[in-house]
Structures are given as structure tokens and as C-alpha cells.
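Since the structure comes first, as C-alpha cells, the remarks are kept for the end.
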Amino acid sequence: MDNLPKISLTRLFEDMDDPRVVGRCTYPLVEVVLIGICAVLCGAETWTEVEEFGESKREWLARFLKLDQGIPSHDTFRRVFSLLPAELFETRFREWVEATFPVEAGQVIAIDGKTVRGAGLRALHLVSAWAHHSGIVLGQRKVDEKSNEITAIPQLLDDLYLAGAIVTLDAMGTQTAIAQKIRDKKADYVLALKGNHGQLHTDIQEWFAWADQQQFKDMPYSYAQTVNKNHGRIEIRQCWALSDPRAFEVIRHYDGWAGLQSIVRVKRERRALDNTPVPPETVYFISSLPPDAEQLLRAVRAHWSIENNFHWTLDVVFREDDARLRVLNGAENFAILRRFALNLLKRHPAKLSLKRKRFKAALDDTFLAQLLQYF
């Protein structure tokens, strides 16, 4: 490809180790990967559709790929991506993200798990890091079949540059070792608590109950509230943040939570416009941030939005839950292709929905080329 113009992603894969037998590879690995990314950008959801994309866009692809042997078959795409080590492919993805989407100070990075249910009985479960403000996927880690997210989360944290960020996790990730790792990465944390955290959860509940009785008199605390009306209902969110030294004395499991500065209570109340009663929800958190209720409530809301933005996009726009890829690394690598596509689509400034951007990319070669370039 030395004499051909290169799209910006070319150099990312030119030197990637090829898992196939040397001397018996008909199609260069870089061509297979780049066609895969382009195809998923334009709506491909299976290896057969990746091949169909390549055949229909062969003339356009030939502008920056040699294609000496033509377009690989769907069996070739399936075989190559099944053999390609997913960790290697994920490493290249992270390198590209770090070079292209730097993490801004104060940005909320939500870490959460998602299961690709179409992957069969051994459903693929991935833990992903998602930058709320930019809507960019920063990285992912597969959860081993005989393990859980507690193992995958530290591995993902090790992979990411987090300095200055605020990392949010649900109750599964609320572990002292994970809190320590986040602080070691020079980031702050907001960690959810549930009943499975035993005495810590109970102590914080009791402390806030006592604070209510005292009307927070002589306690260093802050309070914030937001009210939003959408989808036929009103949502009221209230947040109390405490940093009373007496509270930390009472909370017997304080030791071990690196940099802990705040205990937090968030109450979410939904009021349907037709007056249908909806029970309020109260959730507790611990955080290394100072007791700034407005900032902490923004971080909590940012984490809650991962379901409505990131996971929803993968399921509705990319139909991830319908994927039937089950061979070796194929399912995990196709998930990485989707995340390449998602970031490229998010990055383009066109004021179109992601679905319309994919449709436009399939129809308009100029727009597709724009998606693939740094700008």
C-alpha cells in the first residue's frame, strides 16, 4: 500500500502480528481488518454482510488498499477474526483511542458490564469503560467464564489513562483494591453500595438516618436537587454529601478505602404525569471527591446514563444482542469492530443520529471517507 493514499487507521494495523501461518496468507491482515471496520461502519452485522460490503465497495476500497487477491470471502473474515487474539486487537483499539480522544480532567468515566446474549450458551460478557461527556468507548475487557467483573475491572483500569478523571462503578466494583487502583491512577472514584456490602452499607444508612434526625446540624455537608420532565414523567433527584469526621469514626469499614472523603445519599423519585404511583429509590455511595453534592450528583447521573446511551446504542443501533458469532475470538473481535465504528461515528460533527450516519456512510463514499480520517 506504499503508493496508495492511506486512511488514518492504516498505520495502526500495518505491523500487527498475524496469527496465520506465514507464507499461506492470501489476504494481508491490514486489509481484512480495515474492510471489517468500514463494513461495520456502514451497517454490517455478520461476516457475510462484511463480504457483501467489500464486493459492493471494491472500487472505492481500491483507492487505499491493494486488493491484489480481491475481497476475502465471509469464511475468510470469520476465520481470521476467530484466530486474531482479541487482547491484541483490543490493545490496538486502546492505542488509537488514547491518541485520538484524550481524557479531560473531571470527565466521568463509567465502567460497567454488558452481556452479548446472542453469543450462545457461553454468552460473551464484556466490561467497558465509557467516557460520558464525549460518548466515546475507551476500552473493554472480557470477563472469563469462571470469573466475574471483580477480576476484569482491575485489568481494564490497568489499561487506561485516567489521571484527573472521575471513575464510577456499580456495587459489583465497590472493592477496596479497586478503589486503591483508581487512586493510584491519579483519578477519583464514586462507588455504589448495596446490601451485599454488609456492615458498610448499614452504617452509612444509619448515619444518614441520624443526620436527618439532627437536621444535619453542625455537620459539614452539601445538598443538591435536579428536576427533569421527559418521557411522560417528572424525575426529582436529591443528593446529600457528608464529610463529617464523626461519621468516618462510626463507619467501621472506613479503613482500606483509599482517599475516602465523602459518603453520599441519592434519592430518585419518579412522578408519572397520570399520577401513577412509582416507589422512590434511595442509593448510597462512597467517594474520594470532596462533599460537593452537585458534582457528585452529576457523576451518579452520568453513570446511570450508560444504560440509556452506550448499552442502548449497542443494542438498538448495532443490534449487538442479536449477534450470533460464537467461534473462538470472533464474537469479542466483532464487538471491538462495533466500538471502533461507534467512536468514529461519535467523532463526526454531523448533526445526525448514529443510525442515520451509518446509513449515510453506506450511501455516500465521501462521507465514509470523512469518518475514517482524523479531522
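The values are calculated or read from the model by the stated rules, or taken from the named source; none is laboratory data. Bear in mind the structure is a predicted one, so any value in this text is a computation, not a measurement. In this analysis, Cβ positions are derived from the backbone assuming ideal geometry, glycine residues included, and neighbour counts consider all displayed protein chains. Just the protein is used for accessible areas: all its heavy atoms, side chains included, with ligands, DNA and RNA removed. Shrake-Rupley method; radii C 1.70, N 1.55, O 1.52, S 1.80 Å.
What's the carbon and sulfur percent of the chain's accessible surface, probe 1.4 angstrom, rounded to a whole number?
Details: 8410 of 17880 Å².
C and S atoms contribute 47 percent here.
Output the Cα-based Rg and Dmax of the range 121-278 in Å, rounding Rg to one decimal and Dmax to a whole number.
18.2, 56
By how many nm would the segment from Thr276 to Gln205 grow when fully extended, if each residue of separation counts as 0.36 nm and the alpha-carbon distance is taken off?
Stretched out fully, the Thr276 to Gln205 stretch lengthens by 22.8 nm.
Among Cys38, Leu88, Pro102, whose Cα lies farthest out toward the positive end of the dipole of the range 21-157, if unit charges sit on the beta carbon of Lys, Arg (+1) and Asp, Glu (-1)?
My answer, from the dipole projection, is Leu88.
Take every DSSP beta bridge with both residues inside the chain and express the antiparallel ones as a percent of the total, to the nearest 5.
Taking every DSSP beta bridge with both residues in the chain, the antiparallel ones total about 85 percent.
Run the numbers for Leu352 and Glu95: contour at 0.36 nm per residue of separation, minus the present Cα-Cα distance, in nm.
Fully extending the segment from Leu352 to Glu95 adds 89.8 nm.
Suppose every K and R has +1 on its Cβ and every D and E has -1 on its Cβ; what is the size of the dipole of the chain about the Cα centre, in Debye to the nearest 20?
I would put it at about 760 debye.
What nm value, rounded to one decimal, do you get for the distance between Gln225 and Val283 when each label is placed 7 Å out toward the C-beta?
If labels sit at Gln225 and Val283, their model points lie 2.1 nm apart.
Taking semi-axes √(5λ) of the Cα gyration tensor in Å as the quantity of interest, determine which of [x] 44, 22, 18; [y] 34, 27, 19; [z] 36, 24, 20 was computed from the displayed structure.
This structure yields the entry labelled [x].
Probe 1.4 Å, all protein chains in place: accessible area of Phe64 in Å², nearest 10?
10
Rounded to the nearest 0.05, what FRET efficiency do Phe216 and Glu104 have when you use their Cβ-Cβ distance and R0 = 41 Å?
With R0 = 41 Å, the Cβ-Cβ based efficiency is 0.80.
Under 8 Å for C-alpha pairs, at least 6 residues apart: give me the relative contact order for the range 16-114, rounded to a whole percent. The partial results should precede the final answer.
On the way: 49 pairs, mean separation 29.7, N = 99.
Relative contact order here is 30 percent.
Taking the Cα centre as origin and putting +1 on Lys and Arg beta-carbons and -1 on Asp and Glu beta-carbons, what dipole magnitude results for the range 1-91, to the nearest 20 debye?
Working: 10 positive and 16 negative charges, 41 e Å.
Using Cβ point charges on Lys, Arg, Asp and Glu, the range 1-91 gives about 200 debye.
With an 8 Å cut-off on Cα pairs and a minimum separation of 6 or more residues, tell me the relative contact order of the chain in percent.
This gives 20 percent for the chain.
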